[in-house]
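K.L.:
Following this message is one structure expressed as structure tokens.
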Amino acid sequence: MTPLRLTSWFRARMLPLVAATAVVVATAAPGAFYLRERWDLVNGARGHAGRIGEALRGEIDGRPTLWRYDSTKLAERLAGSGLDRAAIRLVDAEGIPVAVESAPLPARPLWGRVEVLIDGRREATVWVAADHGALLVSAGELAAAFALLALGLAAVLYLLPVRAIGRAERRIGLLLGRLTLTLQEEDRRRIARDLHDGAGQAITAARLELLALRARGVDPEAAQRIAHLLDEALEEVRRSTAALVPPALAELGLARALVRHCEAFGDAAGLAVECRVAEELPSLPAEVETACYRIVQEALANTARHAGATRAWVRLAQVAGGRLRLEIGDDGGGIVGTSRRADPGGQGIEGIRERVRLLDGEVALESHEGSGLRIEITLPIRLSQ
Amino acid sequence: MVRAPFLLLLALAACSGDPPPPSEVPSARERAPDPRAVHVAGSGAMAPLARALAAACGAACPLPVVVEESIGSGGGVRAAADGAVDVGMISRPLGEAERRLDLMLVPGGMDAVVIAANAEVRVDGIAGTALRDLHAGLRRTLGDGSPATVLLRDRGESANGALDRAVPGLGAARDLAYARGRMRVLYHDRSMVEALVATPGAIGVTSLGALTAGHPALKVLALDGLRPSVATLADGTWPAARPLAWVLRRDRAGRARPFLDFAASPEGARIARRCGYLPAVR
């Protein structure tokens, strides 16, 4: 059956969406924080520079030339203006740096600048440096925290639906397979019924008519040949209907059908087949009964073809947890020591696996070289909907 | 959708900050001399001497001499080098970088660095060890048990170095005081004198010349029994002395020469002694 590929389809569409969401979550808040704080830093530095400019204005106005040379007086002025000590740079109207007491320049300065104007003329320019490094550290810490948050969110956004879709896909696959099997069995039953009720009845009627003709003396040899041909056609129809639907299953029920098959198969294959079926089995779904019967057929045929066994056994019983346990074993060469080795997962075993999987059951193989093969299958008694 | 990148770019541009300031590399500066006056500026410790000399120069100085507000020794050197003033005043030896400016250095005498106290302080002197312990915070009272308030000058002040040579361990104690940040720091001689006058129990470092020139309300303390004076400066017994000098550009020496000649004259020396300075030996 072609896989649905729902999960991979969903993954391909979810991944970019989740990645984009994670990027937005990881960057939006730290980015906004960084821009806002940076805005505050720059404006704070400009405000600080403006207040220093105001403090300088009187000094420059009183001593238009010599104010540049008195760094200590400038420092006193600035200290007296009630400002926090800051990293300050001062340039006069000619663009030449003026020495001034200053806090150490931060490693990553962010500058705010203000011009000191007297009578509309630029007499000096004051720069104050804000510590951009500290902001970068804070923003980095926030970004790391949000990256973790985004990672967690992305994992939840991605994994939860993908897992759910995966579970749903497996379930849909199971139900589709089971539906296919049911439809297949239904088709087989219908074909077998048609063959039996149509072609089979017609051939039987023709044979009876032919025998009547013979009794009335119509070329008995020719009638005998035609009757023989009709017998062969009838047998062919019976074989075909038996292959399509195990008639014994419908006629005898699972337990007796299995016993009869084991006896018939043992006689035909020259194999001692022991069949032990629990006396009180619950009522089973048709799919489970058919699967059990077909699995036993396939396993015994496999034993006869490959195992070189002298003895085989079949056991069917109900076990705890509302499940059936079907065990088929032989005393042959096992998987390793026989031609099964070349095809350990071949059509026989693989077919069994597929049937069991579709019914939500489990298969376990136990094989030791020279000591046979044991197949243990558990199947649910009630099928999930 | 089209607006989002535009808004992001706008936000980034708005908080991108201003361009950085120009390099700190010193630039040459040239200022034309003032044809109307000779300008003198620099160390506040020399300012009282310069003002007294300028006032007395009279006919000996063809151009009026203007003594500016203190800009410190370093500022005086830089201003003289740039031609912003004709004469710079310095109360310490030239630094390494300053020597490379190729300025003329004219000795201006010696200044006594002293411990001055508020007029209400009852003691007349202080031991070097007590001064050190007061700075270090190991003691809080003067010799008579009265509480003391120590006022500091800024780190670059030349008076600190002169006093450190006289009192072992004082420099380290002062560094401790700066680090603790509990003591008030003054940036000029004038502001130190004003703070000493206004603060009961205050003691602080200043210049004998700055006190002699006009602040008799303050008390000059003896240090380890020695009293600062022109005489103890002259005989070398006062341990906290600092050299004074005039600095000027060679190409502007002509404009300042009359004033410096007057300062080095006997009249200039007399004025210096009267102001509490030891005049330079000719």
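The values are calculated or read from the model by the stated rules, or taken from the named source; none is laboratory data. Owing to the predicted nature of the structure, the values given are computational and were not obtained by experimental measurement. We place every Cβ from the backbone using ideal geometry, glycine too, and count neighbours over all the protein chains shown. SASA here: full protein model, heavy atoms, side chains in, ligands and nucleic acids out. Shrake-Rupley method; radii C 1.70, N 1.55, O 1.52, S 1.80 Å.
K.L.:
Please build a GNM for chain B, connecting alpha carbons under 10 Å apart, and tell me which residue among B:M89, B:M46, B:M192 fluctuates the most.
P.N.:
Its mean-square fluctuation being the largest, the pick is B:M192.
K.L.:
Say each of A:V24 and A:D231 gets a label point 7 Å from the Cα, pointing the same way as Cα to Cβ; how far apart are those two points in nm?
P.N.:
Taking the two extended label points, one gets 8.3 nm.
K.L.:
Sticking with this one: State the extension gain, in nm to one decimal, for the chain segment bounded by A:L175 and A:A222, taking 0.36 nm per residue of separation less the distance between their alpha-carbons.
P.N.:
Between A:L175 and A:A222, full extension yields 11.4 nm more.
K.L.:
Search the structure for amide H atoms under 5 Å from the amide H of A:R108, placed 1.01 Å from N in the peptide plane, and list their residues when 5 or more places away or on another chain.
P.N.:
A:H132, A:G133
K.L.:
Another question about this same structure. Name the residues whose placed amide hydrogens come within less than 5 Å of the amide hydrogen of B:T149, ignoring near sequence neighbours (fewer than 5 apart) on the same chain.
P.N.:
Those lying under 5 Å, H to H, from B:T149 are B:A202, B:I203.
K.L.:
Here's another thing I want to ask about it. Pull out the extension gain between A:W9 and A:A320, defined as 0.36 nm times the separation in residues minus the alpha carbon to alpha carbon distance; nm, one decimal.
P.N.:
Numbers: separation 311, 0.36 × 311 = 111.96 nm, distance 3.92 nm.
Stretched fully, the A:W9-A:A320 segment lengthens by 108.0 nm.
K.L.:
Shifting gears a bit: Determine the distance separating the Cα centre of the stretch A:115-130 from the Cα centre of the stretch B:74-129; give it in Å without decimals.
P.N.:
31 Å
K.L.:
Calculate the dipole size of the stretch A:246-380 relative to its Cα centre from +1 charges on Lys and Arg beta carbons and -1 charges on Asp and Glu beta carbons; express the result in debye to the nearest 20. Write down the numbers at each step before the final one.
P.N.:
Numbers: 15 positive and 20 negative charges, 24 e Å.
So the magnitude is around 120 debye.
K.L.:
What's the carbon and sulfur percent of chain A's accessible surface, probe 1.4 angstrom, rounded to a whole number? The partial results should precede the final answer.
P.N.:
Working: 11580 of 20720 Å².
Roughly 56 percent of what the probe reaches on chain A is carbon or sulfur.
K.L.:
Counting partner chain Cβ atoms within 10 Å of every residue's Cβ in A:136-148, what's the average? Walk me through the intermediate numbers first.
P.N.:
Working: counts 0, 0, 0, 0, 0, 0, 0, 0, 0, 0, 0, 0, 0.
If you average over the peptide's residues, the count of other-chain Cβ atoms is 0.
K.L.:
Calculate the spin-label point distance for A:Q201 paired with B:T237, positioning each point 7 Å from the Cα along the beta-carbon direction, and give it in nanometres.
P.N.:
15.4 nm
K.L.:
What does the average come to when, for each residue of peptide B:70-77, you count the partner chain Cβ atoms lying within 10 Å of its Cβ? List each step's numbers first, then the result.
P.N.:
Numbers: counts 4, 10, 5, 1, 5, 10, 3, 1.
That average works out to 5.
K.L.:
Let me ask something else. Grab the beta carbon distance between A:L211 and A:R188, set R0 = 35 Å, and tell me the FRET efficiency rounded to 0.05. Intermediate results must be reported in sequence, preceding the final value.
P.N.:
Numbers: r = 32 Å, r/R0 = 0.91.
That pair, A:L211 with A:R188, gives E of 0.65.
K.L.:
Here's something else I'd like to know. Write down the accessible area per residue of the stretch B:112-234 in Å², having rolled a 1.4 Å probe over the full set of protein chains. The partial results should precede the final answer.
P.N.:
Values: 5240 Å² over 123 residues.
Counting only protein heavy atoms, the per-residue value for the stretch B:112-234 is 43 Å².
K.L.:
Let me ask something additional. Apply 1/(1 + (r/R0)^6) to the Cβ-Cβ distance of B:T141 and B:R165, taking R0 = 30 Å, and write down the FRET efficiency to the nearest 0.05. It would help to have the intermediate numbers written out before the result.
P.N.:
Working: r = 26 Å, r/R0 = 0.87.
Here the calculated transfer efficiency is 0.70.
K.L.:
Rounded to the nearest whole Å², what accessible area per residue is found for the stretch A:234-385 with the 1.4 Å probe?
P.N.:
Working: 7550 Å² over 152 residues.
In whole numbers, the stretch A:234-385 has 50 Å² accessible per residue.
K.L.:
Per-residue ellipticity at 222 nm for chain B, helices alone: DSSP H runs ≥ 4 residues times -39500 (n - 2.57), over residue total, nearest 500 deg cm²/dmol? Don't skip to the end; give the middle numbers.
P.N.:
Details: 12 runs with 108 residues, N = 282.
Calculated mean residue ellipticity at 222 nm is -11000 deg cm²/dmol.
K.L.:
Which positions within the stretch A:101-131 get 30 Å² or more of their accessible surface covered by the other protein chains, compared to the chain by itself, with a 1.4 angstrom probe?
P.N.:
A:W111, A:R113, A:W127
K.L.:
Kindly point out which whole DSSP H helices in chain B project their C-alpha atoms 20 angstrom or further along the helix axis while averaging a Kyte-Doolittle hydropathy of 1.6 or above.
P.N.:
Details: long enough: none.
For chain B, where a helix must reach 20 Å along its axis and average at least 1.6, there are no hits.
K.L.:
Percent of accessible area on chain B owned by carbon and sulfur, 1.4 Å probe? It would help to have the intermediate numbers written out before the result.
P.N.:
Values: 7690 of 12980 Å².
Answer for chain B: carbon and sulfur cover 59 percent of the accessible area.
K.L.:
Let me ask something else about it. Considering only DSSP beta bridges with both partners in the protein assembly as shown, what is the antiparallel share in %, to the nearest 5? Let's see the in-between values first.
P.N.:
On the way: 63 of 82 bridges.
Within the protein assembly as shown, antiparallel bridges account for around 75 percent of the total.
K.L.:
Between A:D40 and B:S23, take the C-beta separation as r, use R0 = 30 Å, and let me know the FRET efficiency to the nearest 0.05.
P.N.:
Numbers: r = 28 Å, r/R0 = 0.94.
For R0 = 30 Å, the calculated efficiency reads 0.60.
K.L.:
With a point put 7 Å past each Cα toward its Cβ, work out how far A:L365 is from B:A253 in nm, to one decimal.
P.N.:
For A:L365 paired with B:A253, the spin-label model returns 11.3 nm.
K.L.:
What's the total accessible area buried between chains A and B, using a 1.4 Å probe, rounded to the nearest 100 Å²?
P.N.:
Working: alone 22050 and 14350 Å², together 33700 Å².
Summing both sides, the interface buries roughly 2700 Å².
K.L.:
Follow-up. Using a 1.4 Å probe, what is the accessible area per residue for the stretch A:6-136, in Å²?
P.N.:
Values: 6270 Å² over 131 residues.
On a per-residue basis, 48 Å².
K.L.:
Note down the magnitude of the dipole of the protein assembly as shown about its Cα centre, charges +1 on Lys and Arg C-beta and -1 on Asp and Glu C-beta and zero elsewhere, to the nearest 20 debye.
P.N.:
Numbers: 82 positive and 76 negative charges, 407 e Å.
Roughly 1960 debye, rounded to the nearest 20.
K.L.:
In addition: Which Cα, out of A:A154, B:A84, A:I328, lies furthest along the positive dipole direction of the protein assembly as shown (beta carbon charges, K/R +1, D/E -1)?
P.N.:
The listed residue farthest towards the positive side: B:A84.
K.L.:
For chain B, set up a GNM with springs between Cα atoms under 10 Å and report which of B:A32, B:A119, B:A54 has the largest fluctuation.
P.N.:
Among B:A32, B:A119, B:A54, the largest GNM mean-square fluctuation belongs to B:A32.
K.L.:
Per residue of the stretch B:240-248, in order, report the coupling 6.51 cos²θ - 1.76 cosθ + 1.60 (Karplus, θ = phi - 60°) as ³J(HN,Hα) in whole Hz, putting x for Gly and Pro.
P.N.:
9, 10, 9, x, 10, 8, 9, 10, 7
K.L.:
Which helices, counted as full DSSP H runs in chain A, have an axial Cα extent of no less than 15 Å and a Kyte-Doolittle average of -0.5 or above? Let's see the in-between values first.
P.N.:
On the way: long enough: A:6-62 (83 Å, 0.22); A:132-194 (89 Å, 0.57); A:201-215 (21 Å, 0.80); A:220-244 (36 Å, -0.24); A:254-269 (22 Å, 0.41); A:286-302 (24 Å, 0.14); A:347-358 (16 Å, -0.65).
Membrane-span-like by this rule: A:6-62, A:132-194, A:201-215, A:220-244, A:254-269, A:286-302.
K.L.:
Would you pull out the residues with amide H under 5 Å of A:L324's amide H, same chain only if 5 or more places away, H placed 1.01 Å from N?
P.N.:
Distant-sequence amide H within range of A:L324: A:V319, A:L379, A:I381.
K.L.:
Can you tell me the dipole magnitude for chain A around its Cα centre, using point charges on the Cβ only (Lys, Arg +1; Asp, Glu -1), in Debye to the nearest 20? Walk me through the intermediate numbers first.
P.N.:
Details: 49 positive and 49 negative charges, 137 e Å.
For chain A, the charge dipole is close to 660 debye.
K.L.:
Among all stretches of chain A without exposed trypsin sites (Lys or Arg not before Pro) (DSSP loop, at most 13 other Cβ atoms within 10 Å), which one is longest? Provide the component values of the computation, followed by the final result.
P.N.:
Values: sites that count: A:R5, A:R85, A:R216, A:R382.
The longest uninterrupted stretch comes out as A:217-381.
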